[in-house]
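Participant: Have a look at this one.
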Amino acid sequence: MTSFPGRGPPPAAAPHLAPADVADARALRDAGGASLPGGDGVTVAGWDIRTRRTPILGKEALAGLEARLGTPHLPEMVYGSVLELTHAASDTRVHFNAEDALREWLEEDLPPLKVAAAAKWAEAHKLRFGGGLPPSKAAGAGAPVPSAAWDTSEDSSAYDWTFTTPYRGSVGTASGNPPDGAWKKRWAETSRRVDRQALMERDPILFFDELTLYESELDDNGESSVTVKIRVMPKCWFVLMRFWMRCDGVRVRLRETRFFCPMTTEAAKKKPIVIRESARRDESFEELRARGAPGDASQYPDADEAAAVLLAAGGPVEMAYHEIEHEE
């Protein structure tokens, strides 16, 4: 995972990613493309772009995921949905899935939001016992023994229960895992930027889809989710990936990653330029109110509204820019 070098100016307003009512089949043919068998994607300018949608994973699939990740803690709703973009000529594969996102959540291992957990515990204890707080694990010998009615088996302070992930997509080779010592696809810092003017043009939509990788209601304390949107036009494709978290009365986090690939030149068809722009916003409600930004949870009902409010309100944002590095 690439670390963020520091804070920078926020990008311009994000281009609209609303889906077309119907993808333009004629425009797809005019661009030299075609629908993939099964209708789950398109092939255009050397790229095979497809999505796979699944319902929420069932008990057996979740058990397998827990075993692979080595944790029993997962969001309430995990999907097997996948977005995959494959470019055979350059042996490039960019893909998005819940398992990789959750693996990076475990690796980042952020400290839990203890304030929210303490408030939750205190409220539950008051409802059960009429006052007081649950026993502290730091209490020494002689501390009162907790009542059998107070369940201490689940320690919400032991892990980041907001499932905040630094995940910014997965990159690899289209031909499979390379042998040891072989060149591997990677992200390198770049001076290139997403061409927002190209995204604002009224070009026909060749393909659009939106997927949820996982989501949680944070034990009724707010919500968190990871979503991915893909839009393919004749001149380029664009992906918007968002991790969004609102812990009511405590904190908001928005991690947006934009991927942009122009497809207008022969060189781009052989060795495509894939730009990745990452933006992180992370503030407490107290910090938001202190600088005059909207500070009520109701003003951040979902990721789209939160992105609009936080962009309009300004504030701190960490930016990073990368592109896929190809073997010379």
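The values are calculated or read from the model by the stated rules, or taken from the named source; none is laboratory data. Predicted, not measured: the structure shown is a model, and the values here were computed from it. When we count neighbours, we look across all protein chains shown, and the Cβ atoms used for this are built from the backbone with ideal geometry, even at glycine.
Participant: Please verify whether G8 is among the small types (G, A, S), at pLDDT below 90 and surrounded by 13 or more Cβ atoms within 10 Å (Cβ to Cβ), treating the condition exactly as stated.
Facilitator: Yes.
Participant: Mind checking which residues of segment 225-254 are charged (D, E, K, R) and touching a Ser or Thr at 6+ places or on another chain (Cβ under 7 Å)?
Facilitator: Of everything in segment 225-254, those that are charged (D, E, K, R) and touching a Ser or Thr at 6+ places or on another chain (Cβ under 7 Å) turn out to be K235, R242, R251, R253.
Participant: Give all pairs with beta carbons closer than 9 Å in which a residue from segment 211-222 that is closer than 19 Å to V250 by Cα meets a residue that is basic (K, R) and surrounded by fewer than 21 Cβ atoms within 10 Å (Cβ to Cβ); count only pairs at least 6 apart in sequence or on separate chains.
Facilitator: The qualifying pairs are D219/K120; D220/K120; N221/K120.
Participant: I need the full set of residues from segment 273-319 which are surrounded by fewer than 16 Cβ atoms within 10 Å (Cβ to Cβ), of a type in the set (A, V, I, L, M, F, W, C) and closer than 29 Å to I230 by Cβ, in order please.
Facilitator: Correct list: A308, A312.
Participant: Does S191 count as out of contact with any strand residue (DSSP E or B) (no Cβ under 7 Å at 6 or more places or on another chain), at pLDDT 95 or above and surrounded by fewer than 20 Cβ atoms within 10 Å (Cβ to Cβ)?
Facilitator: Criteria met by S191.
Participant: Can I ask one more? Can you list the helices (runs of 4 or more DSSP H) found entirely within segment 53-151 that contain at least 2 residues being at pLDDT 95 or above, touching a Ser or Thr at 6+ places or on another chain (Cβ under 6 Å) and of a type in the set (D, E, K, R)?
Facilitator: Those helices (runs of 4 or more DSSP H) span 98-108.
Participant: Another question, if that's okay. G222: surrounded by 20 or more Cβ atoms within 10 Å (Cβ to Cβ) and either at pLDDT below 90 or at positive phi (or both), yes or no?
Facilitator: For G222, the condition - surrounded by 20 or more Cβ atoms within 10 Å (Cβ to Cβ) and either at pLDDT below 90 or at positive phi (or both) - is met.
Participant: Checking T212 against (1) at pLDDT 95 or above; (2) of a type outside the set (A, V, I, L, M, F, W, C); (3) surrounded by 19 or more Cβ atoms within 10 Å (Cβ to Cβ), which single condition isn't satisfied?
Facilitator: All conditions are met except number (3).
Conditions (1) out of contact with any Phe, Trp or Tyr (no Cβ under 7 Å at 6 or more places or on another chain); (2) within 21 Å of D304 (Cβ to Cβ), marked per residue:
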site: M200; (1), (2): yes, yes
site: T212; (1), (2): no, yes
site: P234; (1), (2): yes, no
site: R242; (1), (2): yes, yes
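Participant: Given the conditions (1) in a loop (DSSP other than H, G, I, E, B); (2) in contact with a Lys or Arg (Cβ under 7 Å, 6 or more places away or on another chain), and given that E323 satisfies all but one, which numbered condition is not satisfied?
Facilitator: (1)
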